[in-house]
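K.L.:
Take a look at this one; I'll ask things after.
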There are 2 protein chains.
Amino acid sequence: MSLKAYRLLQQVEVVIGYKTYIELISELLSADQEIIKSKMTEEVERANQVIDLARKGKSVAIISSGDPGVYGMAGLILEVREKRRLVELEVEIVPGITAASAAAASLGAPLMHDYAVISLSDLLTPWEVIEGRLKKAARADFVAALYNPKSSRRTEQIEIARDIFLEYRDSTTPVGIVRSAKRGSEEVTITSLADMLEEKIDMLTTVIIGNSESYQSSNFLITPRGYQL
Amino acid sequence: MSLKAYRLLQQVEVVIGYKTYIELISELLSADQEIIKSKMTEEVERANQVIDLARKGKSVAIISSGDPGVYGMAGLILEVREKRRLVELEVEIVPGITAASAAAASLGAPLMHDYAVISLSDLLTPWEVIEGRLKKAARADFVAALYNPKSSRRTEQIEIARDIFLEYRDSTTPVGIVRSAKRGSEEVTITSLADMLEEKIDMLTTVIIGNSESYQSSNFLITPRGYQL
């Protein structure tokens, strides 16, 4: 968490967020603050609720894990504000450390060269669009950070993604798998395109597929930047 | 800056970094610490110096702006450690907020959907590789965050990049230009593919090109995530 987020969370009158995330920051919050825990999949309601509270003059912080600007709540707040024609309502986005950066730090330095961030969730995006992006990212030799790789109901996407990368990259290409990056329960694994599907992958996992030059050095995954050493 | 980085910077015996970055954090540092300001383009020497100090038993922090794992010093430290066969040397990467996230927050929420991060500097990467990535990112409708877009000597790359995106996206596609993101001297502009080259762009600038659904709402740049509002 950034210093700025830390300070703001202690200043606002209301803090609202998905309940798991509220629990992660409960030690920061005080009894004077109104704390609202929401359910998953109620994002649009949550955004409207924040805007209703702000219209009543409350200072409200809505939290996301990682960076609210990357598949988080920032966009939805701005979209709802636009739709409700409340563009005079003051909104500040406080950036955070997105899962790609957090997972990369635990793996070593896999994002030292150009990379693509792709969510495998087809809940809000047609699968053809996602598949097209996977293919072009694989062909262009981008390092790839895959978000929402697999859920209990959605299990095929990570297999298709792996197969797409296998068409363009060697089966020994290193792959980093990080679960609950930078939380207490973090799990870090370095494997390969060939073997990655044997690892535990779920909605708390970020998968980073190396580019053609990435390699493993002891317990670190490294993508060279191109320096002459 | 993260809380973790803030705390670690005050604990280590030596802090080393490019002089501009050291100056940005000078208030955090104390007279007890050894502070080493390095020059630009001396990255490999700097990495070796850090490793030499660490081998003597010093606790050393080497700083980057943004996220050290994204075109920063993290990879080089690990590469030098590998080359010098000092893999027993303890290294911890502390993730940060990379320029794409910082710039996005100042622009609104342009990174709410899949995005590609591409450096336009061909100092360490052949231009053909960069151009291939720009084309595939443009075709796959990735939002694009362009790092190192232009320097005093390197001025053509951003023009070529703009022309590539114009082949695949409408000339009205919104483009965000952020200089010195989240520093005191920040400058934020929202323009379009058609007009972006009229704006001031340099090495302190991050350029974010929207995807086919990105739009401007008052002073914010928004990429919709796909929610039904």
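The values are calculated or read from the model by the stated rules, or taken from the named source; none is laboratory data. A quick note: this is a predicted structure, and the numbers were derived from the prediction, not measured. Backbone-built Cβ (ideal geometry, glycine too); neighbour counts: all protein chains shown. Areas reflect the complete protein model, heavy atoms only, side chains present, ligands, DNA and RNA absent. Shrake-Rupley method; radii C 1.70, N 1.55, O 1.52, S 1.80 Å.
K.L.:
Could you count how many residues in segment A:1-53 are within 29 Å of residue B:228 (Cβ to Cβ), more than 18 Å from the chain's Cα centre (by Cα), of a type in the set (A, V, I, L, M) and open to solvent by 40 Å² or more (accessible area, probe 1.4 Å)?
P.N.:
1
K.L.:
Sticking with this structure for a sec: Just to be sure before I move on: is residue A:65 within 20 Å of the chain's Cα centre (by Cα), within 14 Å of chain B (Cβ to nearest Cβ), at pLDDT below 95 and surrounded by 15 or more Cβ atoms within 10 Å (Cβ to Cβ) in the structure I sent? Full working, then the answer.
P.N.:
Working: within 20 Å of the chain's Cα centre (by Cα): yes; within 14 Å of chain B (Cβ to nearest Cβ): yes; at pLDDT below 95: yes; surrounded by 15 or more Cβ atoms within 10 Å (Cβ to Cβ): yes.
Yes; evaluated as a whole, the condition is true for this residue.
K.L.:
When segment B:193-224 is examined, which residues are found to be assigned to a loop (DSSP other than H, G, I, E, B), more than 14 Å from every other protein chain (Cβ to nearest Cβ) and not aliphatic (A, V, I, L, M)?
P.N.:
Let us first name the residues in segment B:193-224 that are assigned to a loop (DSSP other than H, G, I, E, B), namely B:193-195, B:199-204, B:210-214, B:218-219, B:223-224.
Imposing the further condition that a residue be more than 14 Å from every other protein chain (Cβ to nearest Cβ) reduces the set to B:193-195, B:199-204.
Residues satisfying the conditions are B:195, B:199, B:200, B:202.
K.L.:
If I ask for residues that are closer than 13 Å to residue A:146 by Cα and open to solvent by 10 Å² or more (accessible area, probe 1.4 Å), which ones from segment A:108-121 would you list?
P.N.:
A:121
K.L.:
Still on this structure: State which residue is surrounded by the most Cβ atoms within 10 Å (Cβ to Cβ) when the search covers only segment A:127-136 and only residues that are within 9 Å of another protein chain (Cβ to nearest Cβ) and more than 19 Å from residue A:175 (Cα to Cα).
P.N.:
Looking at residues that are within 9 Å of another protein chain (Cβ to nearest Cβ) and more than 19 Å from residue A:175 (Cα to Cα), I get A:130.
K.L.:
Are any residues in segment A:206-224 open to solvent by 10 Å² or more (accessible area, probe 1.4 Å) and of a type in the set (A, V, I, L, M, F, W, C), and if so, which ones?
P.N.:
A:220
K.L.:
Right, here's the next one. Is it the case that residue A:53 is under 23 Å from residue A:182 (Cβ atoms) and part of a helix (DSSP H, G or I)?
P.N.:
Values: under 23 Å from residue A:182 (Cβ atoms): no; part of a helix (DSSP H, G or I): yes.
Answer is no for this residue.
K.L.:
Taking residue B:190, is it farther than 24 Å from residue A:73 by Cα and either away from chain A (no Cβ under 11 Å) or outside any helix (DSSP H, G or I) (or both)? Explain how you work it out, then say what you get.
P.N.:
Values: farther than 24 Å from residue A:73 by Cα: no; either away from chain A (no Cβ under 11 Å) or outside any helix (DSSP H, G or I) (or both): yes.
Criteria not met by residue B:190.
K.L.:
Here is a further query. Consider only pairs whose beta carbons are under 9 Å apart and that are at least six residues apart or on different chains; among these, list those whose first residue lies in segment B:128-156 and is over 30 Å from residue A:126 (Cα atoms) and whose second residue is of a type in the set (Gly, Ala, Ser) and part of a strand (DSSP E or B).
P.N.:
Sorted first by the residue in segment B:128-156, then by its partner, the pairs are B:148/B:119; B:149/B:119.
K.L.:
For the subset of segment B:75-107 comprising residues that are under 19 Å from the mean Cα position of the chain (by Cα) and more than 7 Å from chain A (Cβ to nearest Cβ), which member is surrounded by the fewest Cβ atoms within 10 Å (Cβ to Cβ)?
P.N.:
B:106
K.L.:
Additional query: Can you tell me which residue in segment A:186-205 is surrounded by the fewest Cβ atoms within 10 Å (Cβ to Cβ), limited to those that are out of contact with any Lys or Arg (no Cβ under 8 Å at 6 or more places or on another chain) and more than 24 Å from residue B:88 (Cα to Cα)?
P.N.:
Filtering segment A:186-205 for residues that are out of contact with any Lys or Arg (no Cβ under 8 Å at 6 or more places or on another chain) and more than 24 Å from residue B:88 (Cα to Cα), the one surrounded by the fewest Cβ atoms within 10 Å (Cβ to Cβ) comes out as A:198.
K.L.:
Could you check how many residues of segment B:20-60 are of a type in the set (Gly, Ala, Ser) and within 14 Å of another protein chain (Cβ to nearest Cβ)?
P.N.:
1
K.L.:
Among the numbered conditions (1) in contact with a strand residue (DSSP E or B) (Cβ under 8 Å, 6 or more places away or on another chain); (2) among the β-branched types (Val, Ile, Thr); (3) under 18 Å from residue A:1 (Cα atoms), tell me where residue A:20 comes up short.
P.N.:
(1)
K.L.:
Does residue B:108 satisfy the condition of being of a type outside the set (Val, Ile, Thr) and free of Cβ contacts under 8 Å to residues at least 24 places away in the same chain? Let's see the steps before the verdict.
P.N.:
Values: of a type outside the set (Val, Ile, Thr): yes; free of Cβ contacts under 8 Å to residues at least 24 places away in the same chain: no.
So residue B:108 does not fit the description; no.
K.L.:
In addition: Given the criteria at the interface with chain A (Cβ under 9 Å from one of its Cβ atoms) and either in contact (Cβ under 8 Å) with a residue 60 or more places away in the chain or of a type outside the set (Gly, Ala, Ser) (or both), does residue B:71 qualify?
P.N.:
Numbers: at the interface with chain A (Cβ under 9 Å from one of its Cβ atoms): yes; either in contact (Cβ under 8 Å) with a residue 60 or more places away in the chain or of a type outside the set (Gly, Ala, Ser) (or both): yes.
So residue B:71 fits the description; yes.
K.L.:
Could we say that residue A:144 is more than 9 Å from chain B (Cβ to nearest Cβ), within 18 Å of residue A:215 (Cα to Cα) and small (Gly, Ala, Ser) here? Let's see the steps before the verdict.
P.N.:
Details: more than 9 Å from chain B (Cβ to nearest Cβ): yes; within 18 Å of residue A:215 (Cα to Cα): yes; small (Gly, Ala, Ser): yes.
Yes.
K.L.:
Moving on. With respect to the numbered conditions (1) within 14 Å of another protein chain (Cβ to nearest Cβ); (2) open to solvent by 10 Å² or more (accessible area, probe 1.4 Å), which one is the sole condition not fulfilled by residue A:171?
P.N.:
(1)
K.L.:
Another question, if that's okay. Can residue B:152 be described as of a type in the set (Gly, Ala, Ser) and more than 21 Å from the chain's Cα centre (by Cα)?
P.N.:
Working: of a type in the set (Gly, Ala, Ser): yes; more than 21 Å from the chain's Cα centre (by Cα): no.
No, not satisfied.
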